[in-house]
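There's a structure below that I have some questions on.
Derivation of every value follows stated rules applied to the coordinates shown; laboratory data play no part. None of the values given here were measured: they were computed from a predicted structure. Backbone-built Cβ (ideal geometry, glycine too); neighbour counts: all protein chains shown.
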Amino acid sequence: EAQVTQNPRYLITVTGKKLTVTCSQNMNHEYMSWYRQDPGLGLRQIYYSMNVEVTDKGDVPEGYKVSRKEKRNFPLILESPSPNQTSLYFCASSYVGRGRDEQYFGPGTRLTVT
Amino acid sequence: GQSLEQPSEVTAVEGAIVQINCTYQTSGFYGLSWYQQHDGGAPTFLSYNALDGLEETGRFSSFLSRSDSYGYLLLQELQMKDSASYFCAVRDRTGGFKTIFGAGTRLFVKA
């Protein structure tokens with residue numbers, strides 16, 4: 001089954017404690033992306049990757065890191081989380097430039113930073 | 001800069017037709033997509049337009065006019081299960097390949 005998986009689904013942590021949210025896709029997609037969703041703001045892109053070892057900033061990259069060492073995985077790292085990073089996070093993947101711009105989303109990770 | 005505008009809420013009755021508009025500002029426009037998100041769920045892809053005109057997928061259609069920087073999603077024969085949030089999104093090829101989403105339109109379908 002084609003899917004994007006994220007772990008954990010729910011996470012409560014404290015300010016400053018480093019955390020990683022994993023993301024994996026099994027569709028051999030080149031493009032992977034992280035979004036955060038906050039009420040009234042839609043989805044805002046944090047980072048994206050066009051392929052292995054190629055990452056770039058989205059609109060809200062501050063406080064986040066990513067890496068793309070394998071095509072299927074795209075972890076999101078918060079080195080020192082702060083309360084303003086409390087949000088719902090989605091990972092997504094897609095092909096690039098094949099005439100149908102369909103992003104597949106993971107189930108989401110609800111993060112609370114106290 | 002880059003931005004997308006869509007109405008925050010739309011209400012319609014079951015069986016009716018509803019149109020959700022989206023206007024965008026981006027310098028490196030690549031295409032306009034539409035996603036549906038039910039409460040507690042992840043966004044799911046509905047439709048994509050790279051060229052001007054209408055794309056039809058079952059009860060859903062999407063339209064794009066690149067000269068007007070405008071598109072819309074048309075939902076026909078509305079059903080209660082269509083109550084959800086709908087997001088337009090553009091890809092921007094300026095300096096990369098960003099994806100920018102609108103803030104979303106909450107659709108309420110009434111019996």
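Could you check which residue among A:Leu41, A:Leu76, A:Leu19 shows the biggest mean-square fluctuation in a GNM of chain A with a 10 Å Cα cutoff?
Highest fluctuation of the listed residues: A:Leu41.
Packing-wise, with mean Cβ within 10 Å as the measure, how do B:76-82, B:19-25, B:93-99 rank, highest first? Please list the in-between numbers first.
Values: B:76-82: 13.4, B:19-25: 18.1, B:93-99: 16.1.
In decreasing order of mean packing, B:76-82, B:19-25, B:93-99 become B:19-25, B:93-99, B:76-82.
Over the alpha-carbon set of chain B, work out the extent along each principal axis and list the three values in angstrom, largest first.
Sorted from largest, the Cα extents of chain B read 46, 29, 19 Å.
Which residues does the label zone of B:Ser67 cover in region B:1-41, counting backbone N under 20 Å from a point 7 Å along Cα→Cβ?
B:22-32
What would the Debye equation give as log₁₀ I(q)/I(0) for the protein assembly as shown at q = 0.09 Å⁻¹, counting only Cα atoms as equal point scatterers?
The Cα Debye sum returns log10 ratios of -0.36.
What nm value, rounded to one decimal, do you get for the distance between A:Ile12 and A:Glu79 when each label is placed 7 Å out toward the C-beta?
2.8
In the protein assembly as shown, how many lysine pairs have Cα atoms under 23 Å apart, counting only pairs 8 or more places apart or on different chains?
13
In whole angstrom, how long is each semi-axis of the equivalent ellipsoid of region B:20-63, when you take the square root of 5 times every eigenvalue of its Cα gyration tensor and sort them from largest down? Can you show the working numbers first?
On the way: eigenvalues 80, 44, 15 Å².
They are 20, 15, 9 Å, listed from largest to smallest.
Counting only the backbone N, which residues of region B:74-108 are under 14 Å from the spot 7 Å out from the Cα of A:Glu62 toward its beta-carbon?
none
So if we plug the beta-carbon distance of B:Phe108 and A:Glu53 into 1/(1 + (r/R0)^6) with R0 = 35 Å, what FRET efficiency do we get, rounded to 0.05? Walk me through the numbers on the way to the answer.
Numbers: r = 45 Å, r/R0 = 1.29.
That pair, B:Phe108 with A:Glu53, gives E of 0.20.
Let me ask another. When N counts the residues of region A:32-107, how does its alpha-carbon radius of gyration compare numerically with 2.2 N^0.38 Å, as a ratio?
Values: Rg = 12.5 Å, N = 76, 2.2 N^0.38 = 11.4 Å.
Ratio of Rg to 2.2 N^0.38 Å for region A:32-107: 1.10.
Output the antiparallel fraction of DSSP beta bridges having both residues in the protein assembly as shown, as a percent to the nearest 5. Numbers along the way, then the final one.
On the way: 73 of 82 bridges.
Among the beta bridges of the protein assembly as shown, antiparallel pairing accounts for roughly 90 percent.
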